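Each remark here refers to the structure printed beneath this line.
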Amino acid sequence: MILAATTNENLANTANVLVYSSMAIYTLAFFAHIVEWVLGSRSKVGRTAAALTGAGTAAKAKATVEVRTAEKENGGGTAVLERPKVITRSAAGRRDVPDGPGAAGGTFKGDLYGRIAVSMTALGFLLEAAGVISRAMAVQRAPWGNMYEFSTTFSTVAVGTYLAFLLTKKNVRWIGLPLVTTVLLNLGIATTVLYTDSDQLVPALHSYWLWIHVSTAIFCGAVFYLGAVGTLFYLLRDVYESKVARGATVGRAWASIMERLPAAATLDKFSYRVNAAVFPLWTFTIIAGAIWAGDAWGRYWGWDPKEVWSFITWVAYACYLHARATAGWKGRKAATLALVAFGCWLFNYYGVNIFVTGKHSYAGV
């Protein structure tokens with residue numbers, strides 16, 4: 001018995017060391033991403049606002065060249081040119097604008113530091129995942145019995161999902177900087193404010209539904225987070241493209257950042273697809289939780305704060321998906337709904353678990 005307790009304590013200490021080590025590696029990844037963006041801003045790929053939309057100075061210059069070419073071909077006479085093609089919105093909140101070159105700005109050095117950042121992120125992920133596994137071995141149960149364990153697992157899954165997108169050749173490296181920043185903040189709070197020593201669960205939570213219900217909830221939250229980042233960048237990029245289309249003045253630094261991101265239409269499509277893909281799983285999460293509640297507490301639904309906010313989150317994302325199918329609510333309005341929905345999930349994650357008393361809360365962590 002004493003030997004087993006010592007082994008579990010050693011595993012718990014190992015888990016803590018691994019989590020702190022992952023934080024150090026994530027910090028290196030954070031600075032590498034910063035350098036990637038800085039070097040990218042110095043590149044020649046920083047195009048003018050007019051070049052992005054085919055309007056303004058670039059369009060006028062192109063028209064001038066076409067006129068002069070036509071005059072030469074007609075022996076100096078005046079030629080009748082075809083009406084220039086006008087680029088219009090393909091849908092509300094969308095324009096026919098090419099994607100930017102990425103955070104690296106198309107430069108070799110920027111891309112090099114970007115690859116270093118991704119490598120550091122992958123190493124941090126492996127260390128953190130090993131920490132989560134060590135914690136599970138120490139407590140001999142699923143490693144999400146309190147907010148500390150939930151937070152470390154959540155950030156691990158979020159980074160793992162991001163790396164999975166990269167492995168499938170998706171253009172998502174622009175998520176790297178906000179992701180590692182959020183992960184560092186999350187782990188910083190987890191290791192200081194939310195840290196809880198390893199302990200066993202209350203009898204009601206000893207069920208295989210813990211693995212099913214909580215694991216799907218964590219995965220859904222990680223994907224919802226990536227969708228929220230895409231939505232936020234979509235709103236910023238859409239405002240930028242609108243200013244460019246109007247010929248408004250945009251700061252050079254802000255333009256450099258926005259021009260390297262994917263087009264607003266691409267960001268909008270990305271956030272919609274990830275949210276729509278994971279929404280059925282979130283529905284299953286709520287159903288699984290109700291079944292588990294029936295087994296553990298003898299009722300499937302009791303209007304516990306966690307149950308209420310899970311349902312509110314479900315309704316918010318359902319409204320977002322419905323808005324996407326409604327012509328008058330596409331674009332920024334639907335994107336705002338998506339951020340509100342993620343805000344509901346975030347409150348369900350931190351607010352209900354910590355500040356609200358209920359069967360699901362982790363108050364007093």
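For beta carbons closer than 6 Å, sequence separation of 6+ or different chains, a first residue in the range 324-352 that is modelled with pLDDT of 90 or more and a second that is among the aliphatic types (A, V, I, L, M), the qualifying pairs are A334/A323; A335/L235; L337/A323; V340/A316; A341/A316; F342/A228; C344/I312; C344/A316.
Within the range 295-323, residues that are open to solvent by less than 40 Å² (accessible area, probe 1.4 Å) have Cβ atoms under 7 Å from residues that are among the charged types (D, E, K, R) in these pairs: D304/K359; A323/K333, counting only partners at least 6 apart in sequence or on another chain. Among the residues of the range 280-294, those identified as out of contact with any Ser or Thr (no Cβ under 9 Å at 6 or more places or on another chain) and open to solvent by 30 Å² or more (accessible area, probe 1.4 Å) are P280, T283, I287, I291. For the range 153-163, the criterion of being over 18 Å from V214 (Cα atoms) and under 21 Å from the mean Cα position of the chain (by Cα) is met by at least one residue. Being of a type outside the set (A, V, I, L, M) and farther than 12 Å from A158 by Cα is the filter here; which residues of the range 218-235 pass it? Once the filter is applied, which keeps residues that are of a type outside the set (A, V, I, L, M) and farther than 12 Å from A158 by Cα, the range 218-235 yields G230, T231, F233, Y234. Listed by first and then second residue, the pairs linking a residue in the range 22-43 that is acidic (D, E) to a residue that is open to solvent by 30 Å² or more (accessible area, probe 1.4 Å), with Cβ atoms under 7 Å apart and 6 or more places separating them unless they lie on different chains, are E36/Y113.
Selection of first residues in the range 163-187 that are closer than 18 Å to A264 by Cα and of second residues that are assigned to a loop (DSSP other than H, G, I, E, B) and open to solvent by 40 Å² or more (accessible area, probe 1.4 Å), restricted to Cβ pairs under 9 Å at least 6 apart or on distinct chains, gives the following pairs, ordered by first then second residue: N171/D99. Scanning the range 119-143 for residues that are surrounded by 23 or more Cβ atoms within 10 Å (Cβ to Cβ) and outside any helix (DSSP H, G or I) yields one hit, P143.
Tell me, yes or no, whether the range 153-160 has at least one residue that is in contact with a Leu (Cβ under 8 Å, 6 or more places away or on another chain) and farther than 17 Å from L346 by Cβ. Within the range 153-160 (the criterion being in contact with a Leu (Cβ under 8 Å, 6 or more places away or on another chain) and farther than 17 Å from L346 by Cβ), the answer is yes, since at least one residue qualifies.
The values are calculated or read from the model by the stated rules, or taken from the named source; none is laboratory data. This is a predicted model, so every value here is computed, not measured. Positions of Cβ are backbone-derived with ideal geometry, glycine not excepted, and every protein chain shown enters the neighbour counts. These area figures cover heavy atoms from the full protein model, side chains too; ligands, DNA and RNA do not enter into them. Shrake-Rupley method; radii C 1.70, N 1.55, O 1.52, S 1.80 Å.
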